[in-house]
1. Look through region 37-72, keep the residues that are closer than 20 Å to GLU22 by Cα and in a loop (DSSP other than H, G, I, E, B), and return whichever of them is modelled with the highest pLDDT.
2. Select from region 39-57 the residues that are of a type outside the set (Lys, Arg) and either surrounded by fewer than 16 Cβ atoms within 10 Å (Cβ to Cβ) or more than 12 Å from CYS14 (Cβ to Cβ) (or both) and list them in ascending order.
3. For region 1-36, give me each residue that is in a loop (DSSP other than H, G, I, E, B) and modelled with pLDDT under 90.
Amino acid sequence: MHDPWIENEWDDLCERLARCAEEMDTSDGADSADRQKAASDFASNGPPSRYPELLERVAKAAALAISWQSPS
């Protein structure tokens with residue numbers, strides 16, 4: 001099912017994750033290019049078709065961004 005609102009939210013989520021990957025300053029030596037590739041891989045899955053699936057992907061994006069943070 002094509003839902004413009006879900007697709008818009010998906011695009012926003014992917015843009016935010018990509019920005020986070022680019023701008024995050026980590027002290028563990030993690031490479032920005034690696035984070036950007038992970039964000040790109042995440043976005044390449046394409047938009048979800050239903051709202052519950054969008055929520056699951058939001059949780060996965062948050063977990064990915066959290067994994068990029070330094071432990072401090």
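1. Going residue by residue through region 37-72, those that are closer than 20 Å to GLU22 by Cα are 37-45, 57-72.
From what's left, in a loop (DSSP other than H, G, I, E, B): 44-45, 68-72.
Details: SER44: 97, ASN45: 92, TRP68: 88, GLN69: 84, SER70: 71, PRO71: 64, SER72: 56.
Restricting to residues being closer than 20 Å to GLU22 by Cα and in a loop (DSSP other than H, G, I, E, B), the top hit is SER44.
2. Of all residues in region 39-57, those of a type outside the set (Lys, Arg) come to 39-49, 51-56.
Result: SER40, ASP41, SER44, ASN45, GLY46, SER49, TYR51, PRO52, GLU53, LEU55, GLU56.
3. Filtering region 1-36 down to residues in a loop (DSSP other than H, G, I, E, B) leaves 1-3, 24-31.
Within region 1-36, MET1, HIS2, MET24, ASP25, THR26, SER27, ASP28, GLY29, ALA30, ASP31 meet the criteria.
The values are calculated or read from the model by the stated rules, or taken from the named source; none is laboratory data. Predicted model only: the values in this text are computed from it and were never measured. Virtual Cβ from ideal backbone geometry, glycine too; neighbours counted across all protein chains shown.
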